[in-house]
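Reading through the structure tokens given below for one structure.
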Amino acid sequence: MLASGRGSNLQALLDAINDGTLAAEVVGVFSDKAKAWALQRARDAGIPARSLGPKAFASRADFDAALFAAVDEVRPDLIVCAGYMRLIDGAVVDARRGRVINIHPSLLPAFKGLHTHQQALDAMATEHGASVHFVTADLDGGPVIAQARVPVHPGDDADALAARVLEREHPLLVETLRRFAAGRIVLAEDVVHIDGVASAPLQLAANLRFP
Ligand code: GRF
């Protein structure tokens with residue numbers, strides 16, 4: 001897992017693994033921020049955790065090459081970005097196509113980039129949410145695997161909306177990884193295939209499962 005901050009998505013995965021909901025193992029947590037709380041959560045769980053500072057490298061490509069060399073050492077089947085706040089070099093991503101996913105707090109393709117909750121409010125969206133997608137060189141533009149939707153309520157501010165989305169992000173990521181772990185999600189020729197069939201994004205239902 002790659003994370004830059006608090007790591008609540010990491011925690012949701014660790015909790016699901018611990019309670020037997022998710023048959024997976026987090027083999028390493030990596031960050032561009034030495035103080036990321038996600039690293040502490042990993043260490044508390046006995047998981048190798050490592051940070052690399054981008055400033056020590058001459059370019060994004062150099063930093064990403066070093067970071068992903070460290071990631072490769074723990075031999076992950078899947079690389080999960082959750083709150084990892086840096087663009088990833090295109091060559092690094094292309095070399096791992098179909099093996100890097102990200103959770104983004106909007107209903108992609110709407111509201112890419114930063115401040116997605118404020119973007120949704122500014123656009124007077126009535127619905128908002130989160131998406132899990134394959135990472136490509138196109139920022140927040142890779143094929144979408146699964147989404148969770150929440151209503152936007154009158155009077156919401158960005159914080160209220162962020163909290164409502166985050167509550168759904170955690171089960172969304174867990175459910176998506178359950179399908180990955182079962183070998184049911186594959187990227188083939190840039191199209192998401194679920195159970196062998198080219199598919200529109202899975203939608204998290206009210207019972208916090210996919211239909
Ligand atoms: C989440 O909203 C994620 O979608 C976004 O950053 C936030 C990270 O939260 N990209 P956490 O670090 O997992 O608590």
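The values are calculated or read from the model by the stated rules, or taken from the named source; none is laboratory data. Only a predicted model underlies this, so the values are computations on that prediction, with no experimental measurement involved. Glycine gets a Cβ as well: all are built from the backbone with ideal geometry, and neighbour counts include every protein chain shown. SASA here: full protein model, heavy atoms, side chains in, ligands and nucleic acids out. Shrake-Rupley method; radii C 1.70, N 1.55, O 1.52, S 1.80 Å.
I'd like the full set of residues that are part of a helix (DSSP H, G or I) and open to solvent by 40 Å² or more (accessible area, probe 1.4 Å), limited to segment 161-211.
ALA163, ARG164, GLU167, ARG168, HIS170, ARG178, ALA181
Name the residue, out of ASP138, ASP77, that is part of a loop (DSSP other than H, G, I, E, B), open to solvent by 20 Å² or more (accessible area, probe 1.4 Å), under 18 Å from VAL174 (Cα atoms) and not aliphatic (A, V, I, L, M).
ASP77
Is it the case, given these coordinates, that ASP62 is part of a helix (DSSP H, G or I), open to solvent by 20 Å² or more (accessible area, probe 1.4 Å) and closer than 21 Å to VAL135 by Cα?
yes
Regarding ARG50, is this residue touching a residue at least 12 places away in the same chain (Cβ under 8 Å) and not in a strand (DSSP E or B)?
Against the criterion (touching a residue at least 12 places away in the same chain (Cβ under 8 Å) and not in a strand (DSSP E or B)), ARG50 does not qualify.
Regarding LEU67, is this residue at pLDDT below 95 and under 19 Å from the mean Cα position of the chain (by Cα)?
Here the answer is no, as LEU67 does not meet what is asked.
For segment 123-131, check the following and say yes or no: at least one residue is within 15 Å of the ligand (Cβ to nearest atom) and open to solvent by 20 Å² or more (accessible area, probe 1.4 Å).
no
Determine, yes or no, whether ALA148 is closer than 15 Å to ALA206 by Cα, modelled with pLDDT of 95 or more, within 12 Å of the ligand (Cβ to nearest atom) and open to solvent by less than 40 Å² (accessible area, probe 1.4 Å).
Here the answer is yes, as ALA148 does meet what is asked.
Inside segment 115-134, can you point out the residues that are within 15 Å of the chain's Cα centre (by Cα) and in a strand (DSSP E or B)?
Result: GLY129, ALA130, SER131, VAL132, HIS133, PHE134.
Considering only segment 11-26, state which residues are open to solvent by less than 50 Å² (accessible area, probe 1.4 Å) and farther than 16 Å from GLU167 by Cβ.
Correct list: LEU14, ILE17, THR21, LEU22, ALA24, VAL26.
If you go through segment 1-24 one residue at a time, how many are more than 13 Å from the ligand (Cβ to nearest atom) and out of contact with any helix residue (DSSP H, G or I) (no Cβ under 7 Å at 6 or more places or on another chain)?
4
Do you know which residues across segment 84-112 are buried (at least 22 other Cβ atoms within 10 Å of the Cβ), out of contact with any His (no Cβ under 9 Å at 6 or more places or on another chain) and not aliphatic (A, V, I, L, M)?
TYR84
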